[in-house]
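Below is one structure, written out as structure tokens; comments come after it.
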Amino acid sequence: MNKFFKNIFILITSFILLSAILIISVLWTYSNDLPDYKFLKSYKPPVSSKVYSGNGDLVADFSQEKRVFVPYNSIPKNVINAFLSAEDKNFFKHPGVDAKGVIRAVINNISNILSSKRLEGASTITQQVAKNFLLTNEVSLNRKIKEAILAFRIERALSKERILELYLNQIYLGSGAYGVAAASLEYFDKSIKDLNYSEAALLAALPKAPSRYNPYKDPDIAKFRRNLVLKNLFDNDYLTLEWYEKLTKEEIILKKNKKIYLEDAQYFIEDVRKGVIETLSYDKVYKQGFNINTPIDLNLQTIATKSLRDGLIAYDKRKGWRGPLTNKIYNSEWKKDLEKYKLENSINWKLAIVKKINKFSAEIETQDNIEGVIEYQSISWTKKEFNKLLKPGDIIYVKNLKENIFNLQQLPKINGGIVVMDPYTGRILALSGGFSFKQSEFNRATQAKRQPGSAFKPFVYALALENNFTPTSLVLDAPLVLDQGDDLKMWKPENYGKKFYGPSTLRVGLEKSRNLMTVRIAQNLGVEKVVDFSKALKIYDNPEELLSISLGSAETTLLKLTSAYSVFVNGGKLVEPILIDRIQDSEGNTIFNNDKRKCINCDQISYLTNDYPEIKNNYMQIFSPETAFQMTSILEGVVQRGTAKKLKDLNLNIAGKTGTTNKNTDTWFIGFTSNILVGVYVGSDNPTPLGKYETGSKTALPIFKSFISDSVNKYDARPFKAAKGTVMMVVDPLTGQKAKFNSKNTIIEVFKEENVVNGKVLYSNSDRLDSNNILKFY
């Protein structure tokens, strides 16, 4: 009997020794080929960079994965309890591998195999961290062994809280969301600190199969899984019976994070994205979680985008119908292969197929299966009958008017841009570079280089005022032929309409946009001086020294030209256009700041005194405040009496200038109130004439007018502030002479004090002016 027990003892001892040797051999074999886990101590998962508006609203994020990193101390207990109950209830007790869980899984899986059920796993949260960070998703015994070894090592190197922090920020929870914070925003549009137990349980139910249990795809199965997690919470004493029963009866209420302004701001956002990548690098922007503050005003952005689209549509309708997008056979598959025609939701157009043509209507079906009718009055702009306009199978754009009545729409052939900025700081408040970002990402506000035409003229006149001219200096408006140099043709500039008006004041020359007067002024100043001035204003980089530059023959962008106009509003100071105010890293440290202003003696001012800090900027003074105010006054005249008089009925203090290039190829309007500056460009991507009479005042100006009427009130458009060193006199607008008593045709003119003595205007002594103060060239 003793021999029997002795044999049993030897057998057991041998088994234990062999098992130990086997385990040691396995550990030694796999330990030599394990990845380094020590980096997890300082690891930070890739976090998206967020873009915020001027009011702090989230408008975009730059990321490869939707993720918001949240430290352990900021994760609420109900979220932690939900995930522990769903994934690893013994997390704070086991050393990395849960022996009880493994034994339980083995026993249960024997039964599962016999009944053909899904096998049960036993991976702890630590093992999942090892797999997610260090291993692959390969289903094999090799991986499970490595996973277990790494779990033990990770537990020795990291605290339980750190392991849980890594897990809750790394796991994929469906709908593109990584980590609990991003998932909370994706499913409930709220911070994780605001989640209740029902919502936390739903998130905790997702790691097993994020796609299958996605509440957007299958609410019923998602609710079933959520209730299982709630049952675990109850079993683990986190919920009372009454609370548990109440929560299981609740329906899942989802609230997707709606970025309602995102579509309208795409051109702005893309320029911001390019800018930060150029400054910081792609890898940093998409992984290090920067907070990017921009000056964009979402309300102004919406208005600007709508105004631009409406203006482009209005032009396009004047040119008539060009035809359907394509033609297809009407059947159940007609909606296929139409992705390239999709537009932003904010445009509110639908793709539709024409089913039947009647004499005074067309029957259609939209892409979302709505049956409707296009009535005769909605196609009046096409100037065609229905049977010559459409045919069955045509794919078209439509807009819903009411119930099942639709309006025929057409994607504009031309395009354009709009820029809205603060003229005192250069901060861009709104920007749109085209009709549809989905159709074309080319930004006509910042990328399209076009001739500004007459929109450049104010800078020639400003330069003249800086060189002894006055607003009442007379310049001859008469034919002019110029030799431009070797190998260049003789140049014969003409006024729009090919008329000549004789001696006219400087003011009239700009108000009426007279080409011949502008060229004469530029010739008097010297083309080199005009070129240098344009470069100082950063309108052009390196233009050719030709007199035609005075009429806007060189190329620039809408953003550069609009930014240059700020000098008229802000007293002659050059400001740089700003798309990004400030960039902070994930810890709140400012790494980039565009505010270059200085606070004088701020550190010496006490809150107990009545002294106020003095804020000074370091903007370059391009020309005098007096010249700036004179130019503003003249540009107000453009609105009151000149090429922009269509704005007069707004009854606002507005100044601005139209621009039209040869053959009406590119059209512009740059205008401003006392605190906002707006630039508009309209033209074709492949420059072609827009058509007869399609000038800046007909195409670009209505877009400006629409924007101003929807965004500016009389309080915002207060009178322009007069500059020190200027005086005002009542003069005859045609002759520039001091107005006579009871004269009916008068205006208030602005002069520099140095040009007025005893109520009389002193003119330049230039030898190029004749005895009547008329600038002449032949």
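Name the single residue, out of those in the range 391-403 being open to solvent by 40 Å² or more (accessible area, probe 1.4 Å) and in contact (Cβ under 8 Å) with a residue 24 or more places away in the chain, that is farthest from Thr326 (Cα to Cα).
Among those that are open to solvent by 40 Å² or more (accessible area, probe 1.4 Å) and in contact (Cβ under 8 Å) with a residue 24 or more places away in the chain, it is Asn400.
Residues that are within 26 Å of Lys499 (Cα to Cα), open to solvent by less than 20 Å² (accessible area, probe 1.4 Å) and not in a helix (DSSP H, G or I) within the range 525-553 comprise just one, Gly552. Answer yes or no: is there a residue in the range 277-294 that is farther than 30 Å from Phe69 by Cβ, out of contact with any strand residue (DSSP E or B) (no Cβ under 6 Å at 6 or more places or on another chain) and buried (at least 16 other Cβ atoms within 10 Å of the Cβ). Within the range 277-294 (the criterion being farther than 30 Å from Phe69 by Cβ, out of contact with any strand residue (DSSP E or B) (no Cβ under 6 Å at 6 or more places or on another chain) and buried (at least 16 other Cβ atoms within 10 Å of the Cβ)), the answer is no, since none of the residues qualifies. With the requirement that a residue be over 30 Å from Asp422 (Cα atoms) and of a type in the set (S, T, N, Q), what does the range 296-334 give you? Passing the criteria: Thr326, Asn327, Asn331, Ser332. Look at the range 348-402 and say how many of its residues are in contact with a Lys or Arg (Cβ under 8 Å, 6 or more places away or on another chain) and at positive phi. Going through the range 348-402 one residue at a time, the tally reaches 2.
For the range 144-189, a residue qualifies if it is among the basic types (Lys, Arg), in contact with a helix residue (DSSP H, G or I) (Cβ under 9 Å, 6 or more places away or on another chain) and at pLDDT below 90, and the qualifying residues are Lys144, Lys146, Arg153. Just one of (1) within 41 Å of the chain's Cα centre (by Cα); (2) under 22 Å from Glu636 (Cα atoms); (3) not β-branched (Val, Ile, Thr) fails for Tyr501. It is (1).
Using the structure shown, decide if Ser513 is assigned to a strand (DSSP E or B) and closer than 30 Å to Thr746 by Cβ. Against the criterion (assigned to a strand (DSSP E or B) and closer than 30 Å to Thr746 by Cβ), Ser513 does not qualify. Restrict the check to the range 216-224 and report whether at least one residue is of a type in the set (Phe, Trp, Tyr), under 14 Å from Phe83 (Cβ atoms) and open to solvent by 10 Å² or more (accessible area, probe 1.4 Å). Checked against the condition, which is being of a type in the set (Phe, Trp, Tyr), under 14 Å from Phe83 (Cβ atoms) and open to solvent by 10 Å² or more (accessible area, probe 1.4 Å), the range 216-224 yields no hits at all. Checked against (1) among the aliphatic types (A, V, I, L, M); (2) assigned to a loop (DSSP other than H, G, I, E, B); (3) over 28 Å from the mean Cα position of the chain (by Cα), Met728 passes all but a single condition, namely (2). If you go through the range 314-333 and keep only what is open to solvent by 30 Å² or more (accessible area, probe 1.4 Å) and within 30 Å of Ile428 (Cα to Cα), you end up with just Ala314. Applying the criterion of being open to solvent by less than 100 Å² (accessible area, probe 1.4 Å), over 25 Å from Met631 (Cα atoms) and out of contact with any strand residue (DSSP E or B) (no Cβ under 9 Å at 6 or more places or on another chain) to the residues of the range 476-496, the residue that is modelled with the highest pLDDT is Pro479. For the range 351-363, filtering for residues that are out of contact with any Leu (no Cβ under 9 Å at 6 or more places or on another chain) and of a type outside the set (Phe, Trp, Tyr) leaves 8. Scanning the range 558-586 for residues that are within 19 Å of Ala445 (Cα to Cα), open to solvent by 10 Å² or more (accessible area, probe 1.4 Å) and not in a strand (DSSP E or B) turns up Leu559, Lys560, Glu576, Pro577, Leu579, Ile580.
Just one of the listed residues (Lys705, Lys698, Lys738) is among the basic types (Lys, Arg) and either modelled with pLDDT under 95 or closer than 25 Å to Thr627 by Cα (or both), and it is Lys738.
If you go through the range 463-475 and pick out every residue that is open to solvent by less than 20 Å² (accessible area, probe 1.4 Å) and under 22 Å from Met729 (Cβ atoms), you end up with 8. Each residue in the range 180-230 was checked for being more than 21 Å from Lys249 (Cβ to Cβ) and free of Cβ contacts under 8 Å to residues at least 12 places away in the same chain, and 5 of them qualify.
Here's the yes/no breakdown for (1) open to solvent by 10 Å² or more (accessible area, probe 1.4 Å); (2) under 20 Å from Ala644 (Cα atoms); (3) assigned to a helix (DSSP H, G or I):
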position: Leu431; (1), (2), (3): no, no, no
position: Phe437; (1), (2), (3): yes, no, no
position: Ser440; (1), (2), (3): yes, no, no
position: Asn443; (1), (2), (3): no, no, no
position: Phe456; (1), (2), (3): no, yes, yes
position: Gln523; (1), (2), (3): yes, no, yes
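Quick one: would you say Asn291 is in contact with a Ser or Thr (Cβ under 8 Å, 6 or more places away or on another chain) and either without any contact (Cβ under 8 Å) to a residue 12 or more places away in the chain or farther than 29 Å from Gln447 by Cβ (or both)? So Asn291 does not fit the description; no.
Counted as qualifying within the range 598-713 are the strands (runs of 3 or more DSSP E) with 1 or more residues that are surrounded by fewer than 23 Cβ atoms within 10 Å (Cβ to Cβ) and touching a Pro at 6+ places or on another chain (Cβ under 7 Å), namely 598-600.
Return the only residue of Glu250, Glu263 being touching an Asp or Glu at 6+ places or on another chain (Cβ under 6 Å) and either among the polar types (S, T, N, Q) or over 20 Å from Asn594 (Cα atoms) (or both).
Glu263
The values are calculated or read from the model by the stated rules, or taken from the named source; none is laboratory data. What you see is a predicted model, and the numbers here were worked out from it, not measured in a lab. Here Cβ is always computed from backbone atoms with ideal geometry, including for glycine, and neighbour counts include all displayed protein chains. These area figures cover heavy atoms from the full protein model, side chains too; ligands, DNA and RNA do not enter into them. Shrake-Rupley method; radii C 1.70, N 1.55, O 1.52, S 1.80 Å.
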